[in-house]
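The values are calculated or read from the model by the stated rules, or taken from the named source; none is laboratory data. None of the values given here were measured: they were computed from a predicted structure. So basically every Cβ, Gly included, is an ideal-geometry build from the backbone, and we count neighbours across all protein chains shown. We work out accessible area using only protein heavy atoms, side chains counted, and drop any ligands, DNA or RNA first. Shrake-Rupley method; radii C 1.70, N 1.55, O 1.52, S 1.80 Å.
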Amino acid sequence: MKIEDARKIIQEEGLQGYNLCEERENRENEVVLKKENEKWIVYVTDERDSKIINSVDKYNTEAEAIEDFIERLRADKVLREL
């Protein structure tokens with residue numbers, strides 16, 4: 001899966017609360033995907049815009065990271081709808 005695929009899924013499924021490789025400060029309660037030091041990183045932020053340490057996963061490939069990123073956004077959508 002590529003970034004373009006992720007954008008399409010986000011739009012089609014109405015997913016929200018994310019930072020998809022944007023160069024900006026974290027916002028509250030979002031799922032983040034970024035590349036740092038040749039690794040893809042996925043994590044979640046809390047209500048204070050801080051990275052939740054136990055939520056950080058690192059991947060060697062873009063595809064693995066994007067799959068996790070989309071999975072977390074889908075789970076977040078389910079929680080928002082409760």
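With the simple spin-label model, which puts each label point 7 Å out from Cα in the Cβ direction, the residue 20 to residue 77 separation comes to 1.2 nm. Surface composition of the chain: carbon and sulfur make up 43 percent of the accessible area, probe 1.4 Å. Along the axis of the charge dipole computed for the range 1-73 (Cβ charges of +1 for Lys and Arg, -1 for Asp and Glu, origin at the Cα centre), the listed residues 70, 52, 17 are led at the positive end by 52.
Let me know the shape class of the chain, please: from the alpha-carbon gyration tensor, a ≥ b ≥ c as square roots of the eigenvalues, rounded when a/c is under 1.5, otherwise prolate if a/b is greater than b/c, or oblate.
oblate
Karplus-based coupling profile of the range 56-73, in residue order and whole Hz: 7, 10, 10, 10, 7, 10, 4, 4, 4, 5, 5, 4, 5, 4, 5, 4, 5, 5, with θ = phi - 60° in 6.51 cos²θ - 1.76 cosθ + 1.60 and x standing for Gly or Pro. Accessible area per residue for the chain is 68 Å², calculated with a 1.4 Å probe on protein heavy atoms, without ligands, DNA or RNA. Computed about the Cα centre, the dipole magnitude for the range 37-82 is approximately 120 debye when only Lys and Arg (+1) and Asp and Glu (-1) carry charge, each at its Cβ. Shape call for the range 1-41 from the C-alpha gyration tensor, a ≥ b ≥ c root eigenvalues: rounded (a/c under 1.5), prolate (a/b greater than b/c) or oblate? Judged from the Cα gyration tensor, the range 1-41 comes out oblate (a/c at least 1.5, b/c at or above a/b). Charge dipole of the range 1-52 (Cα centre as origin; +1 on each Lys and Arg Cβ, -1 on each Asp and Glu Cβ, all else neutral): 180 debye, rounded to the nearest 20.
For residue 27, the amide hydrogen comes within under 5 Å of no other amide hydrogen, counting only partners 5 or more places away or on other chains and with H modelled in the peptide plane. Taking packing as the residue-averaged number of other Cβ atoms within 10 angstrom, the listed peptides 40-53, 1-14 run from highest to lowest as 40-53, 1-14.
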